[in-house]
Amino acid sequence: MLRVALTGNVASWKSAIARIWADAGIPVIRADDLAREVVAPGTEGLLAVKEEFGEEILLEDGTLDRDALRGLVFEDPEARGRLEEILHPLIGARRDEWIRTHEENGTPLAVAEIPLLFEAELQDEYDLIVLVFAPRKERLRRIVSDRGILENEAHRIMAAQIPSREKMARADFVLENSTTLDDLEIRSLALLDLIRARARKGRAQ
């Protein structure tokens with residue numbers, strides 16, 4: 001099976017690519033979906049988050065109050081680090097399980113969206129790396145206008161990631177995203193055709 005990692009810095013629209021490829025019939029595991037799964041009711045993740053941050057991060061029905069948790073860690077790097085120490089290993093384990101299942105089922109190609117691929121040093125676990133790139137100024141605009149995050153916090157989020165230009169040199173393919181979503185869809189599907197061809201070639205060998 002051809003393992004493909006889809007990555008890109010915050011607000012590069014990598015999740016849009018994940019949706020486009022999933023709609024095209026490719027098995028794709030999205031980071032946001034995994035983050036929700038590991039804190040679903042009854043999970044080890046939710047229990048650990050509750051023990052670390054208290055009952056106030058739960059809604060009346062026992063599910064995670066995402067707004068409350070976000071408020072606790074939003075401007076507290078130490079708290080955010082504790083949360084990441086809980087969630088990242090659980091997310092990684094679930095993603096690895098998903099990949100193994102597809103390998104065992106003979107799936108020719110599977111894509112994992114991993115925002116912090118290089119930061120977590122996971123790049124060697126994948127056969128191909130696709131980086132979605134958008135200019136820093138445009139990404140800042142998206143974070144502030146689309147997500148309602150204060151500009152100083154947006155700069156902090158961006159500074160915590162390896163610069164996009166450095167990641168470009170380490171990726172196999174780069175999808176530049178500085179125009180429209182329609183244009184990005186056209187180019188991402190063209191790249192998907194190329195990746196599918198490589199997966200077929202690998203199976204034929």
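The values are calculated or read from the model by the stated rules, or taken from the named source; none is laboratory data. Since we're looking at a predicted model, the values are computed, not measured. In this analysis, Cβ positions are derived from the backbone assuming ideal geometry, glycine residues included, and neighbour counts consider all displayed protein chains. Only protein heavy atoms, including side chains, enter the accessible area calculation; ligands, DNA and RNA are left aside. Shrake-Rupley method; radii C 1.70, N 1.55, O 1.52, S 1.80 Å.
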Loop-resident trypsin sites (Lys or Arg not before Pro) in the stretch 164-205 with no more than 14 other Cβ atoms inside 10 Å, DSSP not H/G/I/E/B, are Arg170
Relative to the Cα centre, what is the charge dipole magnitude of the chain, using +1 at the beta carbon of each Lys and Arg, -1 at the beta carbon of each Asp and Glu, and rounding to the nearest 20 debye? 1160
What are the ³J(HN,Hα) couplings of the stretch 186-199, residue after residue, when phi is run through the Karplus curve with 6.51, -1.76, 1.60 and θ = phi - 60°? Round to Hz, x for glycine and proline. 4, 6, 5, 6, 5, 5, 4, 4, 5, 5, 4, 5, 5, 5
At most 11 other Cβ within 10 Å, DSSP loop - GluC sites (Glu not before Pro), the stretch 59-133: Glu60, Glu121
Surface accessible to a 1.4 Å probe, per residue, for the residues of the chain, Å²: 55
Using a Förster distance of 41 angstrom, determine the FRET efficiency expected from the C-beta separation of Thr179 and Thr107, and round it to 0.05. 0.80
Bridge type composition, the chain - antiparallel percent by DSSP, nearest 5: 5
Heavy-atom accessible area of Phe173 with all protein chains present, probe 1.4 Å, nearest 10 Å²? 40
Degrees separating the helix 14-23 axis from the principal Cα axis of the chain, which is the longest one: 60
Among Val174, Ala159, Val144 the positive-end extreme of the charge dipole of the stretch 121-205 (Cβ point charges): Val174
With each label point set 7 Å from Cα along the Cα-Cβ vector, what nm distance links Glu56 and Glu37? 3.2
Specify which residue in the list Leu6, Pro41, Ile29 is farthest towards the positive end of the charge dipole of the stretch 1-72, using unit charges on the beta carbon of Lys, Arg (+1) and Asp, Glu (-1), about the Cα centre. Leu6
Using the basic label-point model (7 angstrom from Cα toward the beta carbon), what is the His88 to Leu194 distance in nanometres? 3.1
Protein chains only, probe 1.4 Å: how do Met158, Met1 rank by accessible area, largest first? Met1, Met158
Label assignment, percent of Cα pairs over 30 Å apart derived from the structure, set [x] 26; [y] 31; [z] 36: [x]
Note, the stretch 37-53: 3J(HN,Hα) by Karplus (6.51, -1.76, 1.60, θ = phi - 60°), whole Hz, Gly/Pro = x, goes 4, 6, 10, 5, x, x, 8, 4, x, 5, 4, 5, 5, 5, 5, 7, 10
Length added when fully stretched, Phe74-Val144, from 0.36 nm per residue minus Cα-Cα: 23.8 nm
Around Glu138: net Lys/Arg minus Asp/Glu count, Cβ-Cβ under 13 Å: +3
From the phi of every residue in the stretch 90-103, what ³J(HN,Hα) in whole Hz does the Karplus formula 6.51 cos²θ - 1.76 cosθ + 1.60 yield, where θ is phi - 60° and glycine or proline is x? 5, 5, x, 5, 5, 5, 4, 5, 4, 5, 4, 4, 5, 5
Whole-percent carbon and sulfur share, accessible surface of the chain, 1.4 Å: 49
